Amino acid sequence: MSSSTVEKVKEKLGIADVIGSYITLEKAGTNYKAKCPFHNEKSPSFFISPDRNNYYCFGCGAKGDIFTFVQEFEGLDFMGALKILADRAGVPLERDNPTFRTEREKLYIAMEHATLFFQRQLGAKSDARDYLKKRGIIEKTAKEWRLGYAPVEWKSLFLYLKTKGFKPEDIEKVGLIKASEKVHGDYYDRFRGRIMFPIFDPSGRVIAFSGRQFEPDGTQAKYINSPETALFEKSKVLYGYDKAKLEIRKRDFSLLVEGQMDLLMAHQIGLTNAVASSGTALTHEQLEILRRLSNKVVIAYDGDKAGVSAASRGWQLALNVGMDVKIAQFPEGKDPADLAIESPEILKASIDGARHIIDVELDHIIRNEKDPREKVLKIEKNIIPYLSEIQSEIEKSHFISKISHEAHIKEDVLWKEVRKREMLTRPITSTYRQPEAQKPAVPRRGS
C-alpha cells in the first residue's frame, strides 16, 4: 500500500476524533483521557495527545496512532484498519503491484471474487430473488448486504475461481471448497443451491459465508456456515457488526438478534444498531466486542421456546461480563423478521419496552404459579442462577428486595441461595473475567 495513502489519511483524521468515535473521552488540558478499552480499570489511565497524534495507556502500556488503535480495538490487520480509516477520510486506496501482495491479502481477494460470483448468480436466478422478496427483503437491502446465490452444480465456483488464477489450496483455505473423498486431488463447492449471506469483518471485507438452503444439495441442513479459516474465527464475529458499530455507540445500546433474516429486516426498518449471532451460541468474545462500544444490550431472539432458551443463555453470559441486559418479548412463534414485515411499529415498541430478564421471569412466576411451594421452587430454579451472574452487589440487592416483597421470601434466605450458587459456579465464570491489565495480542502494522 502506498505510503502517501497513509499520510493522506493521517492528515484528514485527528486522533481524538477517531478514538472518540469508539470510546468516551474527557478533556485533560491540551490532551484527552479515558478508561482504557484494552484492560479493565476504574480510573482513566489512557491518554490521547492531538499534538503528537498518538495515545498511551499508563495502565497496560498500549500505545500507537490511529492505525494501531483501530487494529487493536477492531481486531484487524493493518490493511483492515487502513480500509476503515480511508473510507472515513474519503481517501481512495491506491493498490500496489499485485505481485507484492501477502498470502493473507490473496485470501481476501478470493473471497471478494466469490462474493461477486454469487451476486451475479442471484441476478440471474429470478426464483431466488422472488424468495427474498417474499421474505420482505427489498432490492436495496440485498445489494447493500451483497446477497447472492450458489448454483446447485458441484463445481461452478471452484472452476470460476481457477479461471481467476487461484490455486485449489488457497480456495480450500477460505472454506469455499471441500476435497473429494472419492477422487484424490479433486474438489467440489461447499455451498450449492443456497441463498448466500456474506459475513464481513469490521472493515467490511468478506471473510465467510452463511448459506440458506434453497434447492436440495444432498444435506438436511437449513443453514451451512463457512468453517473456521485463517480469516474467520466464528467466536469473534457478529453478523452486521461492520455496519452497526457506529450506531451502537451513538444509540448507546446494541440490539442482538438471532438470524440473518432478523438482522437484515431490523436494519431495513431503521434498527441499524442490530447485530446477529447467526444461530450459533453467543460467546464471551462477541459480548466483549459489544461491551467496548456500549455496556447496554437488548436481546431480541425468537419468541419460540428455542429462541427463549438461547436468549436466556446469552443473557447469563452478558451479565457475567458486567453488561446491562434487557430482553425484548415477542408473541409465541414470532421472530423479529416476522414483525418487521407485519408490524414494524410493534417490533420497535417491543425493543423500546425491553425489560430485565429477572423482572420478566418474576412476573411470569407470580402470575402463573398459585401454589406457594411451586412458586418458591421456580424462583430457585429460574431466577437464582441469573442473580448469581450479576456483577453489581447494588443491583443484586435491588432484585432480592423485589423478589422478597412479591414472593414473600425472606431476603436473608435469598442471599444465602445466591451465595451458594456463586460458590458452585465460580470456577467456571471466573474464566470469563479479563485480567486487570492485559494488553491484547493483535497483529500490528505490516503483519
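Extending 7 Å from Cα along the Cβ direction at N40 and again at K381 yields two label points whose distance is 3.2 nm. Each residue in V321, V152 was given a count of other beta-carbon atoms within 10 angstrom of its own, and listing them fewest first yields V152, V321.
Rg then Dmax, both in Å and based on the Cα atoms of the chain: 24.1, 75.
State whether the range 1-146 is rounded, prolate or oblate according to the following rule on the C-alpha gyration tensor (a ≥ b ≥ c being the square roots of its eigenvalues): a/c under 1.5 gives rounded; otherwise a/b larger than b/c gives prolate, and the remaining case gives oblate. Prolate is the answer for the range 1-146, as a/c is 1.5 or above and a/b outweighs b/c. Taking 0.36 nm per residue of separation and subtracting the current Cα-Cα distance, fully stretching the chain between E233 and W415 would add 61.6 nm.
Applied to the range 252-268, the Karplus parametrisation 6.51 cos²θ - 1.76 cosθ + 1.60 on θ = phi - 60° returns per-residue 3J(HN,Hα) values of 6, 6, 9, 10, 9, 10, 8, x, 5, 5, 4, 5, 4, 5, 4, 5, 5 Hz, with x for Gly and Pro. Here the dipole of the chain is about 540 debye; that uses its Cα centre as origin and unit charges on the Cβ of Lys and Arg (positive) and Asp and Glu (negative). Considering only alpha-carbon pairs that sit under 8 angstrom and 6 or more positions apart, the relative contact order computed for the range 360-431 is 32 percent. By the count of neighbouring beta-carbon atoms within 10 Å, fewest first, F166, F46 end up ordered F166, F46.
Among the aspartates and glutamates, which fall within straight-line cross-link reach of K370, defined as a Cα-Cα distance under 19 Å, with same-chain neighbours fewer than 8 residues apart omitted? Of all the aspartates and glutamates, those that pass the test against K370 - Cα under 19 Å, at least 8 places apart if same chain - are D359, E361, E380, E406. Within the shell defined by Cβ-Cβ distances under 15 Å, the residues around T30 carry a net charge of +1, with Lys and Arg each +1 and Asp and Glu each -1. Lysine pairs in the range 241-355 whose alpha-carbon atoms fall under 17 angstrom of each other, counting only those eight or more residues apart or on distinct chains, come to 7.
Summarising the label geometry, the points placed 7 Å from Cα in the beta-carbon direction at Y56 and D324 lie 3.4 nm from one another. Peptides 27-35, 247-255, ordered by how many other C-beta atoms sit within 10 Å of their residues on average, highest first, read 247-255, 27-35. Computed from label points 7 Å out along Cα-Cβ, the spacing between T163 and R104 is 3.2 nm. Which of the lysines could be linked to K164 by a straight reach, that is with a Cα gap under 22 Å, when you skip same-chain ones fewer than 8 residues away? Qualifying lysines at Cα under 22 Å: K106, K155, K173, K178.
The calculated FRET efficiency for the pair D252 and D371, based on their C-beta separation and a Förster distance of 56 Å, comes to about 0.85.
Cβ-to-Cβ counts within 10 Å put H356, H405, H267, H398 in ascending order as H405, H398, H356, H267, the fewest first. When shorter helices are ignored and each DSSP H run of at least 4 residues is given -39500 (n - 2.57), the per-residue value for the chain at 222 nm works out to -14000 deg cm²/dmol. Taking other residues whose beta carbon is less than 11 angstrom from the beta carbon of L347, and scoring Lys, Arg as +1 and Asp, Glu as -1, yields -4. Computed over the chain, relative contact order equals 14 percent, with contacts defined as Cα pairs under 8 Å that lie 6+ residues apart. The spacing between the range 57-91 and the range 244-265, judged by their C-alpha centroids, is 22 Å. Within a straight-line Cα-Cα reach of under 17 Å, K10 can be paired with the following aspartates and glutamates, leaving aside sequence neighbours fewer than 8 residues apart in one chain: D51, D65, D87, E94.
No value in this document is a laboratory result; all are computed from the given coordinates. Only a predicted model underlies this, so the values are computations on that prediction, with no experimental measurement involved. Note that we place each Cβ from the backbone using ideal geometry, even for glycine, and neighbour counts take in every protein chain shown.
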